Amino acid sequence: MSQSDGDVHPVVDSTAVFKDGIFKNKVLFCTGGGSGICRVMTEAVMRHGASAAIVGRNEERLKETAQELSAATRNVCLAIKADVRDPRQVQAAVKQTIERYGRIDFVINGAAGNFLAPISGLSENGFRTVIEIDTFGTYYTIKATLPYVRAAKGSYIHVSATLHYRGTPYQVHVSAAKAAVDATSAVLAVEEGPHGVRSNVIAPGPIAGTEGENRLSAKGPTRQNHWPLPMGRKGDSRDIANATVFLFSDAASFISGQILVVDGASEHLRVPMLPYPESVLDPASTKHLIKARM
Ligand code: COA
């Protein structure tokens, strides 16, 4: 069997490794849980017994997801419309969660915004928008949930990225935002550790089939398609979900203030997403490789 078969490191569901009821009576509050990776993270935590509240801007999608997650896991999932850029909306979402469940044990800070744009072509508002969603949204969510997470001696996971470990072209907004998220998590871990709260970051690499991959991968025959995959396959949302279950579980009770990169070692071999330096010398020449704005 060759490594490219993808069978060397198969994706497994967390229920094949961790016990069913490890999160029984626990409550998860997840921003961005309506879709993508955060939805799969929420489902995995619910499959181990937790109830959840998923928070986002798209009410219709949230409601649909909440119904599907409840049906799939037989645990309750609440859909709450809120924009994480508005602290009052986040506070209201937390209030609703407490009114429904009476507690919050776990928080996933997952709401994020992204698109490809060079500094020279990114507006001030574009930069601010991503910082507001990723960084301010994370901070507002921490602020609003902290009294409850402290009471539960619970745990935070912030979904970050690996882009800011190097200078990634076209990603200044996200790089700045996620670097701040990583720093925030470390401070939270240190300040709240004595209160029994843990805080960690999961940094996903490229995960197949996600909005992020679709939005950020260059289209067409670019170098991106030749990105080496040390594990013989791309990441799967369930890889991130499994890391989530581990970090929330008691098996990780001494792990806090850490960044867990879940990327199958691909960061060590990362190449520019767009042809370099062509994409920065002449952005118009690579426009056809970037997903158009919706
Ligand atoms: N290229 C350049 N600038 C962009 C852009 C793009 N593809 N998308 C948004 N912007 C800029 C806008 O131009 C605007 O700045 P301006 O007022 O100077 O023109 C600013 O960002 C805000 O954009 P707007 O569309 O008004 O904000 P929004 O709150 O509706 O949505 C995002 C912003 C980032 C959330 C939007 O891109 C989005 O909905 N993304 C999909 C979800 C997503 O990104 N998920 C994460 C995947 S990793």
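All of the numbers you see were taken from the coordinates with simple rules; none came from a lab. A quick note: this is a predicted structure, and the numbers were derived from the prediction, not measured. Glycine gets a Cβ as well: all are built from the backbone with ideal geometry, and neighbour counts include every protein chain shown.
For region 153-173, enumerate the residues that are closer than 18 Å to S185 by Cβ and either β-branched (V, I, T) or assigned to a helix (DSSP H, G or I) (or both). Residues satisfying the conditions are I157, V159, T162, L163, H164, Y165.
Return the only residue of E191, E124, E132 being within 13 Å of the ligand (Cβ to nearest atom) and surrounded by fewer than 17 Cβ atoms within 10 Å (Cβ to Cβ). Working first, answer last.
Numbers: E191 fails: within 13 Å of the ligand (Cβ to nearest atom); E132 fails: surrounded by fewer than 17 Cβ atoms within 10 Å (Cβ to Cβ).
None of the other options fit; the residue is E124.
Only residues that are over 22 Å from N242 (Cβ atoms), in contact with a strand residue (DSSP E or B) (Cβ under 9 Å, 6 or more places away or on another chain) and of a type outside the set (A, V, I, L, M, F, W, C) were counted in region 192-205, giving 2.
Filtered by the rule that a residue be closer than 25 Å to S51 by Cα, of a type in the set (S, T, N, Q) and crowded, with 17+ Cβ neighbours inside 10 Å, region 233-275 gives S237, N242, T244, S249, S256.
Of all residues in region 101-114, at least one satisfies being β-branched (V, I, T), assigned to a loop (DSSP other than H, G, I, E, B) and surrounded by 15 or more Cβ atoms within 10 Å (Cβ to Cβ). A single member of A180, A208, A186 is farther than 19 Å from V245 by Cβ, surrounded by fewer than 23 Cβ atoms within 10 Å (Cβ to Cβ) and without any contact (Cβ under 8 Å) to a residue 40 or more places away in the chain, and it is A208.
Within region 271-294, track down each residue that is of a type outside the set (S, T, Y), assigned to a helix (DSSP H, G or I) and away from the ligand (no atom under 16 Å from the Cβ).
Within region 271-294, the subset of a type outside the set (S, T, Y) is 271-275, 277-278, 280-284, 287-294.
Cutting the leftovers down to assigned to a helix (DSSP H, G or I) gives us 278, 280-281, 283-284, 287-289.
Residues satisfying the conditions are E278, L281.
Residue-wise test of (1) exposed (fewer than 13 other Cβ atoms within 10 Å of the Cβ); (2) in a helix (DSSP H, G or I); (3) under 20 Å from the mean Cα position of the chain (by Cα).
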| residue | (1), (2), (3) |
| --- | --- |
| G21 | yes, no, no |
| R39 | no, yes, yes |
| E43 | no, yes, yes |
| I54 | no, no, yes |
| E60 | yes, yes, no |
| A71 | yes, yes, no |
| L78 | no, no, yes |
| V84 | no, no, yes |
| R88 | yes, yes, no |
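All told, G220 meets the bar of being more than 16 Å from the chain's Cα centre (by Cα) and more than 16 Å from G32 (Cβ to Cβ). Determine, yes or no, whether E213 is touching a helix residue (DSSP H, G or I) at 6+ places or on another chain (Cβ under 9 Å), within 21 Å of H164 (Cα to Cα) and not polar (S, T, N, Q). Against the criterion (touching a helix residue (DSSP H, G or I) at 6+ places or on another chain (Cβ under 9 Å), within 21 Å of H164 (Cα to Cα) and not polar (S, T, N, Q)), E213 does not qualify.
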